[in-house]
Amino acid sequence: MVRQNGDEMNIWKSTYMYNTDAWKFISEAEDRSVDVIITDPPYDASLDMNELRRICKGHIIVFCAPENQFFKPDEFAFWIKTPSTKNFSKHIGRFVEMILIERHGDTFNTDLHWSNYTGVYNDHLLRQVHPFQKPAALMERLVSIYSDPGDLVFDPFMGSGTTLIAAQKLGRQILGCEIKGKSVSLTYPAVIHWEME
């Protein structure tokens with residue numbers, strides 16, 4: 001279901017996408033209403049970890065720049081990005097992004113190949129539709145390890161929807177927020193595509 005300006009479109013009973021401010025949405029969410037949070041917020045933002053912990057029963061997984069870690073995690077992982085020529089005008093390039101993992105509960109699925117547990121990943125984007133998009137393989141790995149089939153995976157900063165698509169593909173329920181309408185218009189057809197397969 002996509003909610004935008006009061007209009008609703010039901011696309012699947014366990015799929016919900018909201019074109020809204022994440023913090024407004026989270027403030028109205030019930031306690032312990034999602035099973036896991038996997039998200040890639042704007043790196044210059046601040047996160048209200050108390051609110052994220054309030055609504056989440058399980059793990060909280062957040063991408064960040066090394067110089068702006070949102071919280072002290074239980075675990076670190078790293079994504080080695082494909083080098084590009086963008087964003088060198090104000091600082092040196094960043095080819096590594098951190099993944100902060102705050103663990104809550106026992107979910108840690110160990111049925112993948114050992115290489116999925118190294119904590120250092122170099123997955124590549126096959127097709128980029130959003131400037132801060134993460135590779136599908138990376139998001140599928142995180143969803144597989146830190147959630148179970150049927151869990152509700154929440155991405156409060158869904159951007160292009162890669163987390164939601166990965167979660168849906170792996171049999172999880174999905175919930176996402178994005179304040180930018182253009183991103184939601186890109187995400188909606190991609191999610192529909194996976195539902196139809």
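The values are calculated or read from the model by the stated rules, or taken from the named source; none is laboratory data. Computed from a predicted structure; not experimentally measured. We place every Cβ from the backbone using ideal geometry, glycine too, and count neighbours over all the protein chains shown.
Say whether the condition of being in a loop (DSSP other than H, G, I, E, B), within 23 Å of residue 140 (Cβ to Cβ), in contact with a strand residue (DSSP E or B) (Cβ under 8 Å, 6 or more places away or on another chain) and of a type in the set (Lys, Arg) is met by at least one residue in the stretch 25-35. Full working, then the answer.
Restricting attention to the stretch 25-35, the residues satisfying the condition of being in a loop (DSSP other than H, G, I, E, B) are 29-33, 35.
Then drop every residue that is not within 23 Å of residue 140 (Cβ to Cβ), which leaves 35.
Subset that is in contact with a strand residue (DSSP E or B) (Cβ under 8 Å, 6 or more places away or on another chain): 35.
If we keep only those that are of a type in the set (Lys, Arg) as well, we get none.
Checked the stretch 25-35: no residue is in a loop (DSSP other than H, G, I, E, B), within 23 Å of residue 140 (Cβ to Cβ), in contact with a strand residue (DSSP E or B) (Cβ under 8 Å, 6 or more places away or on another chain) and of a type in the set (Lys, Arg).
Return the total of residues in the stretch 136-148 being assigned to a loop (DSSP other than H, G, I, E, B) and among the polar types (S, T, N, Q).
1
Inspect all residues belonging to the stretch 149-158 and state whether any of them is part of a helix (DSSP H, G or I) and at pLDDT below 95. Taking every residue of the stretch 149-158 in turn, none turns out to be part of a helix (DSSP H, G or I) and at pLDDT below 95. Listed by first and then second residue, the pairs with beta-carbon distance under 6 Å, at least 6 apart or on different chains, first residue in the stretch 42-68 and surrounded by 15 or more Cβ atoms within 10 Å (Cβ to Cβ), second assigned to a helix (DSSP H, G or I) and not hydrophobic (A, V, I, L, M, F, W, C), are 59/146. When the residues of the stretch 41-65 are filtered to those that are in contact with an Asp or Glu (Cβ under 8 Å, 6 or more places away or on another chain) and assigned to a loop (DSSP other than H, G, I, E, B), the one that is farthest from residue 106 (Cα to Cα) is 65. Residues that are among the β-branched types (Val, Ile, Thr) and assigned to a strand (DSSP E or B) were ranked within the stretch 66-111; the one that is modelled with the lowest pLDDT is 96.
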